[in-house]
Every structure is written in C-alpha cells, then in structure tokens.
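Notes follow the structure.
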Amino acid sequence: MQKAFDFFSFFLDVRRPGAHLFNLQPQPSTFNLNLPTSSHLLPPPPTYQGLMDSPQAFYALILSPTRELAIQIAEQVEALGSGIGARAAPLVGGVDMTAQAIALSRRPHVLVGTPGRVVDHLSNTKGFSLKTLKHLVLDEADRLLNMDFEAEIDAVLKAIPREGRMTQLFSATMTSKVAKLQRACLRDPVRVETSSDGKDGNGKYQTVSTLRQQFSFVPAKHKDAAAVAALTSDELGGCTSIVFSRTCDGARRLALLLRALGLGALPIHGQMSQPKRLAALSKFKAGERPILVATDVASRGLDIPSVDLVLNYDVPMNSKDYVHRVGRTARAGRSGRALTLVTQYDVEQFQKIEALTGTKMEAWGGDPEAAELLAERVAEAGRLASAQMREADSKRGGGGGKDGGGKKRRGGAVDDHDDDNGGVGDILGGRRKFMKKY
C-alpha cells in the first residue's frame, strides 16, 4: 500500500489470531504503534473483543531500542486506553528492578520495555511469565537489530507463545536484519507502507514534504564556530533545536561549549544516568531550554512537536540514521528545517545520504562572515569545555567518582548538570554579552 489510509479501519480488517504485520513508515508514530493494541480496547467486531471483554494481564509487549522511547510509549498507551482502565508498565534499564517487579506484581495489561531489561525480569522476577501474551510489537525494528539486541529478542521469542499471537514490526527504514527477522518470525505477513512520503518505487527513503533540508560546507577546524553561527543567526536563532553529535563525548563537549557562550543547551547521551536523561528531555519538551545536544539515542521515535530545527553537527555514519534524525522535526504536517554541517572528511558520506533519500539538498545561505567573527570566542569556549570534561573525568576516575559500593558512577559528572546559577553557564563571565551581536 503506497498511500495514506485510515489506520483504525485497516487494523480492524487485518488483525486476527496469529496475524502478522510489517509497517514501514517515514515518521514512526506512537499513536499508530498503539492502534493494533488499542483497537482491541475499542469496540471491534464481535470475534475480537480483546481486553474490553476479557481483561488480561501481560496482554501485549512493546519492545523499543531506547529507554526514553519506551517511557513515551507507555505514557501514550495509558492515555489512549484510559477510557477502559488499560494499565501499562515501562521496563527499562537505569531504574531499580525492585520497583519494576512491584509494578509487574500489579499485573498490567501492556508492557513496554527495552529488550535487555525485559529479559532480566524474565530470568529474575519470580512469577513473571509471557506465556499468555497476545501481542508482540517491535518498534524501530531495524534499530533493535542493529544495536545487537538479537540475543535478547531471541530470548523473548522463546518465552512467548508461537500460536495465537499478533506480531507487528514498525520501522521507517528496512534493513537486511529486519527482513531476516520478518522471514523468521512472521507468518504470511502483511506489509504496509503508510505514506507516499516513505520509500518510493525506486527504493529511496523519502522525507516528508514539509521538511526543508540544507547543508553548509565548512572546514573541520571551523565547525564549532559554524554551529554557533547557525544557532545564533537571524534565520535560525531562537529556534527550538536538536543538535546531533556522533559520540557521547562530542555531545558533552558541545553542550558545555554552547552553555559557556550563554546558550540554553542540555546534553542527552548514553553515558548519562537515566534520571538525568529524563530530566534533560523533560526540560527540553517543556521549553525551559531551547537546545538539546544529543547522540542518536534521541533520533528514534521521540515525539516533540515543537522542534523547529535539526542540526547535524556530525554527519551520521549510517545514512539511514539521517532519515530518523531529521524525523524529529516537521512532524504531523508541521514544517521544519534540517541543516547538516559537511566538512572535507564528510563529502562521500553526505553524497550517500543524498542518494539514499533521493534529495539534492540546497546550500544554506547563512552569513559567511558570522563564523569568522565568532571564531576566537568559540575557540576559547571550546578549550574551557574540554578542560571541564577533563576535570570531571578525573574526579570520576578517582575516589570521588565512585559510589559507596566501589562502582563507577555514570553521568555523575558536573558537565551533565543543568547549571542555572553560576557554574558552566557563566564560564566566560561578562563576555556572554557577545550574543547580543556576536
């Protein structure tokens, strides 16, 4: 199917005991993801009354590659099913397993989790079983398999019934691993492409038509200044922005650099503790900070409608990750911008992205002198950010960086805090005033 259609009507038709669905969509939607499950909670044909007539614990399991996405899905499951009292429990790492075991003892209808933590509970939580599961959903299926969750997913598949369950795979990008899993665990699958903006007949992964995609070619040594120039330009300054970095250290350093220059930036990456990741995401969603500096942990599924700009500080190594990154903006019919900084070392990879998406991106017409005017101050902010990271890592490596049990703390460094009063944000002192006009 190559055009948009009524999801609810379609799923009423396709769902049946043992039915299997593969959904390929350009912008994975939490609402669409819940339709196969929640449609059983709404008035369906008499044969499929589902939970509405026969409330059942552990009715559905939704697997997600990231903790934040799992928590978001769990919230939406409860919101969509509130009319009939549907309950969901998130099972993610970085959170106390005892509290999650207590939640499981209350026997929720829907479980939403990351594969590793679900397997942990299957192995260690007394009385927890998925032998009566009716729905299995793999959201961002390509990412789940590319993140080496294959062993955990195999363990889950062995723990759930083979007969009488409905299985759904959701992904915006097809990979060979997804195709392999589709062949291995789906019987007579129905493949659905939910929008003409998805993968076209030539195999291109198209982005939505409301997204304006641009690039800026900059020498690698001036990339910091180019990023700051874009974020403070007349055209893009003031936008709610997600800035993507390739590595955790890159995200840490860039967030420190931007905060040193007086910009309200928050980092989110895999080396932060889960409470800090959620706190950063919550502040960004609430509009308390306009810039989120992230690794690809934030590139999948997160629904933040207010995002105006996606800035690819680093060109993604995997071309398909570009599709997911830019999918954080221009959502649900809104317009959005994506700007990619391309250095002399990124040209080949950038060309692969253009080939994959079938898009010839336009050059961004920013002020060419802005980066030069900012260069000295940005360089100093970069040096101070690097020094801050070294200090934090030194503390973390010594006695002060470990907890009472001798384990290394993750995300406990000062650079992961959002300093409202002094600290990193005031690192350049009075020179923060340069933001008024470089």
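Annotation: amide H of VAL137 within the under-5 Å range of LEU61, ILE62, LEU63, GLN168, sequence separation 5 or more or interchain, hydrogens built in the peptide plane.
Find the percent of Cα-Cα distances in the stretch 215-310 that exceed 19 Å, and round it to a whole number. Across the stretch 215-310, Cα pairs with separations above 19 Å total 36 percent. What the phi angles of the stretch 299-306 give under the Karplus curve with 6.51, -1.76 and 1.60, with θ = phi - 60°, is a coupling list of 8, 10, x, 4, 9, 10, x, 7 Hz, glycine and proline written as x. Phi angles of the stretch 71-87 translate, via the Karplus equation with coefficients 6.51, -1.76, 1.60 and θ = phi - 60°, into HN-Hα couplings of 5, 4, 5, 4, 4, 6, 4, 5, 5, 5, x, 5, x, 10, x, 5, 10 Hz per residue; Gly and Pro are given as x.
Summary of packing: across the peptides 279-287, 360-368, the per-residue average of other C-beta atoms within 10 Å ranks them, highest first, as 279-287, 360-368.
Here the simple spin-label model places points 7 Å from the Cα toward Cβ, and for ARG246 and LYS395 these points are separated by 3.0 nm.
Extension gain for GLU235-LYS221 works out to 2.7 nm (0.36 nm per residue, less the C-alpha to C-alpha distance). So what is the relative contact order for the stretch 211-428, in percent, with contacts set as C-alpha pairs under 8 Å and at least six apart? The value is 31 percent. Set the Förster distance to 30 Å, then compute FRET efficiency between GLU380 and ILE304 from the Cβ-Cβ distance, nearest 0.05. FRET efficiency, GLU380 to ILE304: 0.40. Starting from the coordinates of the alpha-carbon atoms of the stretch 221-378, obtain the Kirkwood hydrodynamic radius over all distinct pairs and give the value in Å to one decimal. So the Kirkwood estimate lands at 15.8 Å. The gain in end-to-end length when the ASN124 to MET317 segment is fully stretched comes to 65.8 nm, 0.36 nm per residue minus the alpha carbon separation. Per-residue extension of 0.36 nm, minus the Cα-Cα distance of THR98 and SER82, leaves a gain of 3.2 nm for this segment. A crude spin-label estimate for the pair GLU372 and ALA286, with each label 7 Å from Cα along the Cβ direction, gives 4.3 nm.
Bear in mind that the values in this text are calculations on the coordinates, not laboratory data. Please read all numbers here as calculations on a predicted model, not as lab measurements. Note: ideal-geometry Cβ built from the backbone for every residue, glycine included; neighbour counts use all protein chains shown.
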